[in-house]
Amino acid sequence: MRFGSPHHRYRLLDSTNLRARELAIEGAPDGTIVTASEQSAGRGRQGRQWSAPPGKALLYSAIARGLGLGDALLPLAVPLAVCEACEALAAVQCSIKWPNDIWIEERKLAGVLIEARPPAWAVVGIGINLSIAPEEFPLDLRRPAVSLGAEVAIDDLREALNDRLGVWLDAGDHQVLAEFHRRDALRDRTISWTDGSDPDPPDLTAIERSSADPPTGIARGVDSSGNLRVELDGGSMIALGAGEVHLQLDR
């Protein structure tokens with residue numbers, strides 16, 4: 001098994017990703033993982049906080065080495081591993097909201113945060129809600145969030161994730177793209193998006209931004225580089241990179 005040894009386990013940690021970054025810089029080997037029962041400064045994308053009650057979520061970061069230009073689909077491969085690990089232990093069906101959310105019935109089960117310094121290392125951060133009761137989620141997350149189930153042991157979930165992460169990080173691009181296509185929660189749905197603090201992708205420079213309303217389009221899957229393809233009014237296509245994507249639900 002590629003991931004899981006050595007395993008740095010903590011009761012309380014500021015952030016598993018921060019600790020894994022430190023270990024990667026210090027030379028920790030490929031496959032090293034960091035877990036914690038509780039985080040005081042867990043992070044999601046764009047600096048958001050990731051919080052969970054002690055012992056009720058899998059808080060996990062892994063170090064991967066030897067990355068190159070051919071690993072552009074890492075952000076797609078990791079959510080696939082999370083989906084399969086969860087489905088191996090619970091009677092659920094997972095989908096993926098590009099770029100980094102794992103859903104059960106359109107409610108967020110898990111999130112992924114990847115920080116990389118290729119080709120030296122990448123830190124793959126994963127948070128999976130395991131046994132968090134609805135009332136334990138922050139008020140703004142109670143509707144979007146869901147847990148896998150209290151009957152799933154956190155150690156079993158960690159071992160399943162170690163296994164599936166190794167499989168999907170070694171998978172070919174064609175296999176990753178095909179499986180992501182099957183699990184794509186946004187495909188053929190109307191979305192709106194904002195770019196947050198990320199630079200605007202070059203393809204977006206022609207979009208009129210004088211309106212307060214965010215641009216909208218229809219998600220048409222991902223391209224060979226892992227970017228989200230969006231069809232605009234009139235049929236023209238753009239590709240979204242790291243920008244934040246908000247799903248506009250059907251009324």
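Quick check, is residue 196 at positive phi and either at pLDDT 95 or above or within 18 Å of the chain's Cα centre (by Cα) (or both)? Talk me through it step by step, then tell me what you get.
Details: at positive phi: yes; either at pLDDT 95 or above or within 18 Å of the chain's Cα centre (by Cα) (or both): yes.
In short, yes.
Consider residue 82 carefully, then state whether it is of a type outside the set (Ser, Thr, Tyr), in contact with a strand residue (DSSP E or B) (Cβ under 6 Å, 6 or more places away or on another chain), outside the structural domain of residue 222 (by TED's automatic domain parsing) and closer than 23 Å to residue 22 by Cα.
On the way: of a type outside the set (Ser, Thr, Tyr): yes; in contact with a strand residue (DSSP E or B) (Cβ under 6 Å, 6 or more places away or on another chain): yes; outside the structural domain of residue 222 (by TED's automatic domain parsing): yes; closer than 23 Å to residue 22 by Cα: no.
The answer is no for residue 82.
Looking at the stretch 92-108 only, could you name the residues that are over 17 Å from residue 226 (Cα atoms) and modelled with pLDDT of 95 or more?
Step one: of the stretch 92-108, the residues over 17 Å from residue 226 (Cα atoms) are 92-94, 103-108.
Answer for the stretch 92-108, where residues must be over 17 Å from residue 226 (Cα atoms) and modelled with pLDDT of 95 or more: 92, 93, 94, 103, 104.
In this structure, does residue 46 turn out to be closer than 27 Å to residue 191 by Cα, at pLDDT 95 or above, surrounded by fewer than 17 Cβ atoms within 10 Å (Cβ to Cβ) and assigned by TED's automatic domain parsing to the domain that holds residue 130? Don't jump to the end; show me each part of the working.
Values: closer than 27 Å to residue 191 by Cα: yes; at pLDDT 95 or above: no; surrounded by fewer than 17 Cβ atoms within 10 Å (Cβ to Cβ): yes; assigned by TED's automatic domain parsing to the domain that holds residue 130: yes.
The answer is no for residue 46.
Show the residue pairs meeting these rules: Cβ distance below 7 Å; 6+ apart or different chains; first residue within the stretch 16-30 and in the same structural domain as residue 57 (by TED's automatic domain parsing); second residue part of a loop (DSSP other than H, G, I, E, B).
Between residues of the stretch 16-30 that are in the same structural domain as residue 57 (by TED's automatic domain parsing) and residues that are part of a loop (DSSP other than H, G, I, E, B), the close pairs are 23/32; 30/65; 30/66.
The values are calculated or read from the model by the stated rules, or taken from the named source; none is laboratory data. What you see is a predicted model; the values in this text were computed from it and never measured. Quick reminder, even Gly has a Cβ in these numbers, built from the backbone with ideal geometry, and neighbours come from all protein chains shown.
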